[in-house]
Amino acid sequence: MNRRNWLKSSALFAGGLTFLSGSLNQILAAPARLVRKRITDESVILAAPPELKARLSANENPFGPSEKAKKAIQETIDNSYRYAFMDIRELGKKIADYEGLQPENIMMGAGSSPLLLAAAMHFAKNGTGSIISGDPTYADLPDSAEEFNAKWVKVPLTADYKLDLDAMEKKIDSNTSLVYICNPNNPTGTAVDTAKLKAFCERVSKKVPIFIDEAYIDYVDDPKSATLIDCVKKGQNVMVARTFSKLYGFAGLRVGYMLAQPEMIKTLNKYTNGAGGISATSAKAALVSYQDTAFMQDALKKTIASKKFLYDTLKKEGYEYIPSVTNFVMFPLKMDGKRFSDEMMKRGVSVRFWKFNNQDWCRVSIGRMDEMQAFADAFRQVS
C-alpha cells in the first residue's frame, strides 16, 4: 500500500488518518483562522521578551517529557525518514486496549487542536448550527465554529465557578448542533461533579452531540473515575478529546486523540488529516510514555508542590483564589488585568488575564519552583 492510499485507508482507527475530502469548498470559503481578535496563550508568548524568568501563561508541564520519551526521540531520529505508520497504529491500539474500546473508536491528531477544529467545522453546519458552552471556557472550538458562521451560546458559570450544566441544558433548542464541555475547565481550573456530568450526557446526548474536552483530566485525583469515556462505551453520542500536551509534557511534540462512536469518527475524519500530522519522533515518544505511572506521579507531585507555593504566595499578599484541580490557578485582581499582565511581563513573568463577572482575573500556569519564586518576587512588587 502506498503512502497516499494508506493515509486514505479506513483500516487504521476507522479511517483516522485521512486527508480533507468534500469539505474543501467549505474550508476555502471560510475566513482565515490566522487572524484572531481574542487574546490567546500563543499571542501572549509571542509578545513576550526573548528571555523570561517564568513562562506561566500557557499551561505547559515544565517537568516533562519523561526520560523514556527523550530516549525514544533520540533513538527514532535515525529512522525518522520513514513514516510512523506502525508506531501510530500501535499507539492507537494501546489506548483502545487501556480504555476498553476498539481502534474504530479512536481518531489520532497532532495534539487535540486539529480534533477541536474538525468538530468546529462540522458542527458549524454551514452557518446554521449553534454551539453551547460555559463562559469562560477554553474557546478554541466555539471560537473556530463562530469563524465558520455558527452561533456561540455562552452560559455563565455557577457561583463556585463551575460549568452550569442545568443552565446549559435549558439553552438547547432546534438550532443547537453541539454542546461543548471543557472538564476540568480552562481557565477556572474547576471540575463538575462526575455523576452529575454523566447523567447530563446520558440525557442530553439523545438530543444533541456532546464534546467533552479532557485536556486536564490527568491532573485530577482519580482520572479513571472522572473521565466520561464510559459514555462512549455505552454508545452515547459523546466525543471525548485527550492530549499528551499537559501532564505528559508534549505541548511542543503534538500528540492527541479523540474517542467517539465509529460513525462520528468517520464523519469528523473528513475535516482533518488526523495522525498524518504526528511526527515519527512524537509517535514513538507517546508510545513509550502512555500511562507511565512513575513519571506521571512524579510530575503530579512537583505540580502540587508548586501550586501550594502559589496558594501561599497569594494568601500572604491578601488575595483569594479559585481552588484548582489542574496545573493552573485563577485569582481575582485588584487592578486592571492588562496593566497587571504588562507589569508582570516587564519583570520577566508571563501570565494570562480575563474579565468576567465584572471582575479582572489572572490565570497563572504552574511552573517549576524557581519559576514560582520569580512569580512571587514580581507579584510582591506589582500587587
Which number in (1) under 30 Å from residue 372 (Cβ atoms); (2) surrounded by fewer than 18 Cβ atoms within 10 Å (Cβ to Cβ) marks the one condition that residue 83 misses? (1)
Does residue 189 satisfy the criteria of being among the small types (Gly, Ala, Ser), farther than 30 Å from residue 73 by Cα and in a loop (DSSP other than H, G, I, E, B)? yes
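Considering each of 373, 381, 297 in turn, give the residue that is under 29 Å from residue 213 (Cα atoms), out of contact with any helix residue (DSSP H, G or I) (no Cβ under 6 Å at 6 or more places or on another chain) and of a type outside the set (Gly, Ala, Ser). Show your work before the answer.
Working: 373 fails: under 29 Å from residue 213 (Cα atoms); 381 fails: under 29 Å from residue 213 (Cα atoms).
Result: 297 is the single residue among 373, 381, 297 that is under 29 Å from residue 213 (Cα atoms), out of contact with any helix residue (DSSP H, G or I) (no Cβ under 6 Å at 6 or more places or on another chain) and of a type outside the set (Gly, Ala, Ser).
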Restricting attention to the range 194-204, does a residue exist that is of a type outside the set (Gly, Ala, Ser) and in a loop (DSSP other than H, G, I, E, B)? no
Where in the range 48-167 are there strands (runs of 3 or more DSSP E), lying fully within it, with 2 or more residues that are modelled with pLDDT of 95 or more and out of contact with any helix residue (DSSP H, G or I) (no Cβ under 7 Å at 6 or more places or on another chain)? 130-135, 151-156
For residue 318, the lone unmet condition from (1) on the phi > 0 side of the Ramachandran plot; (2) in the same structural domain as residue 124 (by TED's automatic domain parsing) is (2)
Could you list, in sequence order, the residues of the range 121-137 that are under 16 Å from residue 188 (Cβ atoms) and buried (at least 20 other Cβ atoms within 10 Å of the Cβ)? 133, 134, 136, 137
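From the list 344, 335, exactly one residue is farther than 30 Å from residue 105 by Cβ, among the hydrophobic types (A, V, I, L, M, F, W, C), over 21 Å from the mean Cα position of the chain (by Cα) and surrounded by fewer than 18 Cβ atoms within 10 Å (Cβ to Cβ). Which is it? Quick ask: steps written out before the conclusion?
Details: 344 fails: surrounded by fewer than 18 Cβ atoms within 10 Å (Cβ to Cβ).
Matching residue, one of 344, 335: 335.
Report whether or not residue 113 is polar (S, T, N, Q), closer than 26 Å to residue 250 by Cβ and free of Cβ contacts under 8 Å to residues at least 60 places away in the same chain.
Numbers: polar (S, T, N, Q): yes; closer than 26 Å to residue 250 by Cβ: yes; free of Cβ contacts under 8 Å to residues at least 60 places away in the same chain: no.
Against the criterion (polar (S, T, N, Q), closer than 26 Å to residue 250 by Cβ and free of Cβ contacts under 8 Å to residues at least 60 places away in the same chain), residue 113 does not qualify.
Restricting to the range 233-265, and then to whatever is in a loop (DSSP other than H, G, I, E, B) and among the small types (Gly, Ala, Ser), can you tell me which residue is nearest to residue 279 (Cα to Cα)?
Step one: filter the range 233-265 for residues in a loop (DSSP other than H, G, I, E, B), giving 234-237, 244-255, 260-261.
With among the small types (Gly, Ala, Ser) added as a condition, the list becomes 235, 245, 249, 251-252, 260.
Numbers: 235: 31, 245: 14, 249: 16, 251: 13, 252: 11, 260: 23 Å.
Applying the filter and picking the extreme gives 252.
Within the range 332-383, can you find the residues that are part of a strand (DSSP E or B), closer than 22 Å to residue 251 by Cα and not aliphatic (A, V, I, L, M)? So that I can check it myself, show each step before the final result.
Taking the range 332-383 as the starting set, the residues that turn out to be part of a strand (DSSP E or B) are 332, 349-350, 352-356, 359-365.
From what is left, the residues that are closer than 22 Å to residue 251 by Cα are 349-350, 352-353, 362-365.
Residues satisfying the conditions are 350, 352, 353, 362, 363, 365.
The values are calculated or read from the model by the stated rules, or taken from the named source; none is laboratory data. Computed from a predicted model, the values in this text were never measured in an experiment. Virtual Cβ from ideal backbone geometry, glycine too; neighbours counted across all protein chains shown.
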